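For reference, the structure discussed in these notes is given below.
The values are calculated or read from the model by the stated rules, or taken from the named source; none is laboratory data. Remember, it's a predicted structure, so these values are computed and weren't measured experimentally. Counting neighbours? That spans all protein chains shown, and the Cβs are built from the backbone with ideal geometry, glycine included. These area figures cover heavy atoms from the full protein model, side chains too; ligands, DNA and RNA do not enter into them. Shrake-Rupley method; radii C 1.70, N 1.55, O 1.52, S 1.80 Å.
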Amino acid sequence: MFLTIAYYNVLGLPMIAWGGIVSFLFLFATVFIAFLHKKGNFTIPYKYHPIFGFITLILATFHGLLGVLAYLGY
């Protein structure tokens, strides 16, 4: 079941690849918000930093579990 979900093609890439790409983009956005605040630029409110961090954690966990379960053949 997880094998079919992980390798289901969406726009030419498997779902697991999209999960990794989206997880990385959210990680980059989380770091970028912290970087902007360290530099003194407050264009993006800091309250979004923990929200993006939580979303990144959920996406990365889903991406990792999908990959491991697909690899194990579930």
Completion exercise
Scanning region 22-43 residue by residue, those open to solvent by 90 Å² or more (accessible area, probe 1.4 Å) and assigned to a loop (DSSP other than H, G, I, E, B) turn out to be 42, 43
Handout entry: Only listed residue being free of Cβ contacts under 8 Å to residues at least 24 places away in the same chain and among the hydrophobic types (A, V, I, L, M, F, W, C), chosen from 55, 16, 33, 5
Key = 33
Practice task
Assess whether residue 60 counts as being modelled with pLDDT of 90 or more and within 22 Å of residue 72 (Cα to Cα).
Solution key: yes
Handout entry: Filter pass, residue 19 being open to solvent by less than 100 Å² (accessible area, probe 1.4 Å) and touching a Phe, Trp or Tyr at 6+ places or on another chain (Cβ under 9 Å)
Key = yes
Problem - Residues being of a type in the set (A, V, I, L, M, F, W, C) and open to solvent by less than 60 Å² (accessible area, probe 1.4 Å) - total across region 61-74 - result: 3
Exercise for the section: Determine whether residue 13 is open to solvent by less than 80 Å² (accessible area, probe 1.4 Å) and either within 16 Å of residue 59 (Cβ to Cβ) or over 19 Å from the mean Cα position of the chain (by Cα) (or both). Expected result: yes
Problem - Qualifying positions in region 44-60 - open to solvent by less than 70 Å² (accessible area, probe 1.4 Å), of a type in the set (Val, Ile, Thr) and in a helix (DSSP H, G or I) - result: 55, 56
